[in-house]
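Worksheet: the structure to be examined is printed underneath.
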Amino acid sequence: MATSGEAPPSGAPNRAGGARLRRRELALRALLVVAVLAALALFAWSRTAERRALEGMDPERRRVLYERTLSETEALCDERPRSDALEERCIRQVEFLVQFPECDDRCQAIARRHAPRPVK
């Protein structure tokens with residue numbers, strides 16, 4: 001029997017402390033994995049918010065918005081890719097336009113012309 005000031009029996013508290021430390025480390029790692037997965041899910045969900053809003057609109061109102069957006073994009077962005085400051089605006093406009101369920105071949109052709117180009 002250990003008296004005060006004597007060391008405890010060989011390794012007993014160290015093993016218990018080590019096991020607690022391992023459990024805590026595993027719990028922290030699991031929490032980190034859950035947090036990363038939640039952040040990724042939130043990011044993916046927020047990226048589709050605009051599309052979900054468009055799909056939830058009254059079809060007739062969405063069609064009117066689509067036609068107006070398509071006409072504005074054609075007028076602003078012309079038939080060819082731009083090399084000026086408006087190209088960034090055209091790219092954003094096209095990114096919005098392709099989210100419409102109504103985006104047809106005409107819409108896709110405009111999108112292809114204004115797709116971001118790789119930089120060398």
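Summary of values
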read-out: Additional length obtainable on full extension of the chain from Arg15 to Glu88, 0.36 nm per residue less Cα span; value: 20.1 nm
read-out: Segment Leu76-Arg22, extension gain: residue separation times 0.36 nm, minus the distance between their alpha carbons; value: 13.3 nm
read-out: Sites Val36 and Arg112, calculated FRET efficiency, Cβ-Cβ separation with R0 35 Å, nearest 0.05; value: 0.50
read-out: Extension gain from Asp104 to Thr48, taking 0.36 nm per residue of separation minus the Cα-Cα distance; value: 18.2 nm
read-out: Simple label model, 7 Å out from Cα along Cβ direction - Phe96 to Arg68, nm; value: 1.0 nm
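Taken together, the values in this text are just the output of simple stated rules run on the coordinates, not laboratory data. Note that this is a predicted model, so its numbers are computed, not measured. FYI the Cβ positions are ideal-geometry reconstructions off the backbone, even for glycines, and counts take in every protein chain you see.
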